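Read through the structure below, which is laid out as structure tokens, and then see the notes.
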Amino acid sequence: MAAETDEALPQETEAPAVTTESVTEPPVTEPAQTEPQEERFLLTFVGDCTLGANPVNYFAEVGFIKTVGEDYAYPFRNVISFFENDDFTMVNLEGALCDGGVPVQKKYNFRGPTAYINILTENSVEAVTVANNHTMDYGSQGYASTLSVLEQAGIPYVERDASAIVTTESGLTIGLYGAAYYYLDVADMTEEIVAMREQGVDLVIFAPHWGTEGSYQPTPEQVRVAHAAIDAGADIVYGTHPHVLQPIEEYNGGIIYYSLGNFSFGGNSCPDDFDTALLQQEVIRDGSGSMRLGELTIVPASVSSIAGRNNYQPTPYERGTEDYDRVLEKLGAA
């Protein structure tokens, strides 16, 4: 990531003296025409964020709930500078935010209290996808609670097989389309992406929850669907679900993040793979209003700030270390 520099301030000069002498007025000239300036925006993407825990270990001493408590800044404390200094941060919110309820019949059910919406609002998260296989862990009531607290907090979200349009404070209009692997309607995806393009959004992000858990390579189906999304007009494919990193691919003017792995993931205190990353994508609007993707900055990280177990506090790796280089290799950027 390029280092920020402070521009030197011009030295103060004395104001010209004001006189009352009669002078000949200069001829009237048209003001010089200036070229419209480029605008640059920075978008940050991270992987699965489960802001809660499974019922069987909900109050475990090393679990997410006991670890975080009411310290809402805790999960993103070591990456907040990236979130605060961009135009748009998006995460995969994997699990329900509800104060109780009955979990559905499945092996893993993730829930955090509704107060944990503050983890998003206090850490400069601008949008979430709820298109995933844990969004309905507490049934329709848990899902309704999740959407309600997002709406009350003013955090935009995108649902499964649905689109949403978000406008950032910096004036970038982003179209989102969400999908989940257990039901992904490619025809509907294509139609919605085209429709958002026709509405004149600056950028389209396709957010699928897909692939094989634990696999470091995308499936042929992921590749096929990702290419179809870009061909339909998407600029960025932001993939989640495998819990590990998968390669990044540039395709037909767009970019595909097949999987960003886990991030602040309360669903597993001891994952097999601690590697994750923050991806910061530059987007450029030229003087004519046309958009293009700029530089991609990869920030290799661990899901934990300590070794040996997950403490749910993602932390960047030191540049040049074996860990740092391993992440780049997994993303195909070494």
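The values are calculated or read from the model by the stated rules, or taken from the named source; none is laboratory data. The structure displayed is predicted, hence computed values, not measured ones. Here the Cβ positions follow ideal geometry from the backbone for every residue, glycine too, while neighbour counts run over all protein chains shown. Areas reflect the complete protein model, heavy atoms only, side chains present, ligands, DNA and RNA absent. Shrake-Rupley method; radii C 1.70, N 1.55, O 1.52, S 1.80 Å.
Listed values, structure above:
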| read-out | value |
| --- | --- |
| More than 24 Å apart - percent of Cα-Cα pairs taken over segment 207-334 | 31 percent |
| Segment 178-253 and segment 299-315: distance between their alpha carbon centers, rounded to Å | 27 Å |
| Hz values of 3J(HN,Hα) by residue in segment 288-303 - Karplus curve (6.51, -1.76, 1.60), Gly and Pro given as x | 8, x, 6, 10, 8, 7, x, 6, 9, 10, 9, 10, x, 8, 9, 6 |
| Square roots of five times the Cα gyration tensor eigenvalues for the chain, Å | 40, 24, 21 |
| Accessible-area value, Ile230, 1.4 Å probe, nucleic acids and ligands omitted, Å² | 10 Å² |
| 0 to 90° range, to nearest 10: angle between helix 139-153 axis and the chain longest Cα axis | 20 degrees |
| With every protein chain in place, the chain: carbon and sulfur % of accessible area (1.4 Å) | 49 percent |
| Percentage relative contact order, segment 141-229, counting C-alpha pairs under 8 Å, at least six apart | 24 percent |
| Whole-number Å³ per residue for the convex hull built on Cα positions in segment 88-216 | 122 Å³ |
| Solvent-accessible surface (1.4 angstrom probe) belonging to Cys270, in square angstrom, nearest 10 | 80 Å² |
| Cβ-Cβ FRET estimate between Glu191 and Ala73, R0 fixed at 41 Å, reported to 0.05 | 0.50 |
| DSSP loop chymotrypsin sites (Phe, Trp or Tyr not before Pro) with at most 12 other Cβ within 10 Å: longest gap in the chain | 183-334 |
| Å² per residue, accessible surface of segment 176-334 at 1.4 Å | 39 Å² |
| Average Cα contact separation per residue, the chain, under 8 Å, 6 or more apart, as relative contact order % | 18 percent |
